[in-house]
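Asker: Would you mind keeping the following structure in view while I ask a few things?
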Amino acid sequence: MPRILVVAPNWIGDALMAQPLLARLQEKIPGVRLDVLAPEWVAPVARRMPEVDAVIAAPFRHGELGLRARWRLGRELRSRAYDQAIVLPNTWKSALVPFFADIPLRTGYRGESRYGLLNLIYRNKKNTKEASMPLHYAALSEPPGKAPGQPLPAPRLRFAAHEVEATKRKFGIADPYAVLCPGAEYGPAKRWPYFGELAEKLSIQKVLLGSAKDLEASAGISGTNLVGKTTLDEAIDLIAGAAYVVANDSGLMHVAAALNRPQVALFGSSSPEHTPPLSAAARVLWLKVECSPCFERVCPLGHFRCMREMTVATVSEAIQNLPR
């Protein structure tokens, strides 16, 4: 049975946009075993992917080199006798564990000049930010230079109805409810500023979700504010049970897409052509003003038109037109 180790991206959304690659590998290699090496904050998402056989939680802090720890983990993984590693992040350090594990075929994009660490290298596109990230990752299921067939398989996450109900009971949430995700870890240029006004207009119960880093973005918004109070697994369960979701371009937007929940996805400084929510139940709002996408953390021009000109009425109308 072929065994492949996939080194997952460091962001939840990127990990979900890489899931079509896993599905393609299963299509192309019958009986393949797919293990995923993921950061601890991404591992809960990987564990819910039906394509994944095992998840190895990487014990490294974000940005940490941890050379000795990576060597130790690589030595531990040698006994699993992987046939191939596919390294999705572009960093030099992300290719170390497969190298230390003596995996014979080590695949990935050139990234930080990883010659030697990788031995099947794909060329980075000239402007990666203009490319579709799901296609970017899925291309690693094909020989270098060959584009993956389309349409790609959609991301999907497993959930259990009884766990969804238990999570709702834990936080005192009754049906029906909408999930609002006002944060975006990348920076304020991705955060729609009118979630508070939208919440006041919604007659349905509102549940606010996000990490502790989103506390400022959620301040003053009416509803059950669980930002920073749930685990990622609990947030996934609450999204799975929601009537609909309104989210910025963020990890939770991609979670909602993988759960196929009706969703309004709000884009400003980023592009839905680059990081799309892969779900037929998602409706994208993107004004595409002349300076968008800039992919900056903070609006470099100071006017923030890409989000400020997206009105509450526009978002409310998109909610009314969501599939039910």
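The values are calculated or read from the model by the stated rules, or taken from the named source; none is laboratory data. Predicted, not measured: the structure shown is a model, and the values here were computed from it. Positions of Cβ are backbone-derived with ideal geometry, glycine not excepted, and every protein chain shown enters the neighbour counts. Note: areas computed on protein heavy atoms with side chains; ligands, DNA, RNA excluded. Shrake-Rupley method; radii C 1.70, N 1.55, O 1.52, S 1.80 Å.
Asker: When the accessible area of the chain is computed with all protein chains present and a 1.4 Å probe, what percentage of it is carbon and sulfur? All intermediate terms of the calculation are to be shown ahead of the outcome.
Answerer: Values: 7530 of 14570 Å².
Roughly 52 percent of what the probe reaches on the chain is carbon or sulfur.
Asker: Can you give the FRET efficiency to the nearest 0.05 for Arg324 and Ser203, using r as the Cβ-Cβ distance and R₀ = 22 Å?
Answerer: Details: r = 15 Å, r/R0 = 0.68.
For Arg324 and Ser203, the calculated efficiency is 0.90.
Asker: I want to make sure I understand the PRE zone here: with the label point 7 angstrom from the Cα of Asp83 toward its beta carbon, which residues in region 138-174 have backbone N atoms less than 16 Å away?
Answerer: Correct set: 141-143.
Asker: Calculated from DSSP H runs of 4 or more alone, at -39500 (n - 2.57) each and per residue, what is the 222 nm mean residue ellipticity of the chain, nearest 500? Before the final figure, lay out the partial values.
Answerer: Details: 13 runs with 94 residues, N = 324.
Helix contribution divided over all residues of the chain: -7500 deg cm²/dmol.
Asker: Subtract the Cα-Cα distance of Ser222 and Ala54 from 0.36 nm times their separation in residues, and report this length gain in nm to one decimal.
Answerer: Working: separation 168, 0.36 × 168 = 60.48 nm, distance 3.96 nm.
Gain in length upon complete extension: 56.5 nm.
Asker: Given an 8 Å cut-off on Cα distances and at least 6 residues of separation, report the relative contact order of the chain as a percent. Working shown, then result.
Answerer: Details: 639 pairs, mean separation 49.9, N = 324.
After rounding, I find 15 percent.
Asker: Which net charge results when you count Lys and Arg as +1 and Asp and Glu as -1 among the other residues whose beta-carbon is under 12 Å from that of Cys181? List each step's numbers first, then the result.
Answerer: Working: positive: Lys190, Arg191, Lys206, Arg261; negative: Glu185, Asp214, Asp249.
Counting the neighbours of Cys181, the net charge comes to +1.
Asker: Something else: Using a ≥ b ≥ c from the Cα gyration tensor of region 138-195 (square roots of the eigenvalues), is it rounded, prolate or oblate, where a/c under 1.5 gives rounded and otherwise the larger of a/b and b/c decides, a/b for prolate? Could you put the intermediate results ahead of the total?
Answerer: On the way: a/c = 3.63, a/b = 1.58, b/c = 2.30.
Oblate shape, in that a/c is at least 1.5 and b/c is the bigger or equal ratio.
Asker: Of the peptides 205-211, 168-174, 222-228, how do they stack up when ordered by the mean number of other Cβ atoms within 10 Å, highest first? Display every interim value, and only then the final one.
Answerer: Values: 205-211: 22.9, 168-174: 12.4, 222-228: 18.0.
Packing proxy ranking, top to bottom: 205-211, 222-228, 168-174.
Asker: Another question, then. Rank His162, His303 by accessible area, highest first, at a 1.4 Å probe radius?
Answerer: Numbers: His162 130, His303 70 Å².
Ranking His162, His303 by accessible area, largest first, yields His162, His303.
Asker: Grab the Cα-Cα distance for Asp233 and Asn119, subtract it from 0.36 nm times how many residues apart they are, and report the gain in nm with one decimal. It would help to have the intermediate numbers written out before the result.
Answerer: Values: separation 114, 0.36 × 114 = 41.04 nm, distance 3.59 nm.
Difference between extended and current length: 37.5 nm.
Asker: Is region 226-324 best put as rounded, prolate or oblate by its Cα gyration tensor, with a ≥ b ≥ c the root eigenvalues, rounded for a/c under 1.5, and otherwise prolate when a/b is larger than b/c, oblate when not? Walk me through the intermediate numbers first.
Answerer: On the way: a/c = 1.96, a/b = 1.51, b/c = 1.30.
Taking the square roots of the gyration eigenvalues as a ≥ b ≥ c, region 226-324 is prolate.
Asker: Sticking with this one: Using 0.36 nm per residue, how much length does the chain from Gln150 to Asn90 gain when fully extended, once their Cα-Cα distance is taken away?
Answerer: Numbers: separation 60, 0.36 × 60 = 21.60 nm, distance 2.41 nm.
The Gln150-Asn90 span can extend by a further 19.2 nm.
Asker: Could I ask something else about it? Between region 278-308 and region 167-215, how many Å separate their Cα centres?
Answerer: Between the Cα centres of region 278-308 and region 167-215 lies a distance of 19 Å.
Asker: Counting only heavy atoms of protein chains, what accessible area per residue, in Å², does region 1-141 have with a probe of 1.4 Å?
Answerer: Values: 6310 Å² over 141 residues.
Averaged over the residues of region 1-141, the accessible area is 45 Å².
Asker: Rounded to the nearest 0.05, what FRET efficiency do Glu40 and Phe171 give with R0 = 25 Å and r taken as the Cβ-Cβ distance? Could you check? Show your work: numbers first, answer last.
Answerer: Values: r = 23 Å, r/R0 = 0.92.
The formula returns an efficiency of 0.60 here.
Asker: By per-residue mean of other Cβ atoms within 10 Å, what is the highest-first order of 192-200, 16-24?
Answerer: On the way: 192-200: 18.7, 16-24: 24.9.
Packing proxy ranking, top to bottom: 16-24, 192-200.
Asker: Quick one: which of Lys28/Lys146; Lys170/Lys190; Lys170/Lys206 span more than 19 angstrom between C-alpha atoms? Could you put the intermediate results ahead of the total?
Answerer: Details: Lys28/Lys146 14 Å; Lys170/Lys190 31 Å; Lys170/Lys206 16 Å.
Over 19 Å apart, Cα to Cα: Lys170/Lys190.
Asker: Another question about this same structure. Compute the accessible area per residue over region 169-324, keeping the other protein chains in place, probe 1.4 Å, unit Å². List each step's numbers first, then the result.
Answerer: Numbers: 6560 Å² over 156 residues.
For region 169-324, the solvent-accessible area averages 42 Å² per residue.
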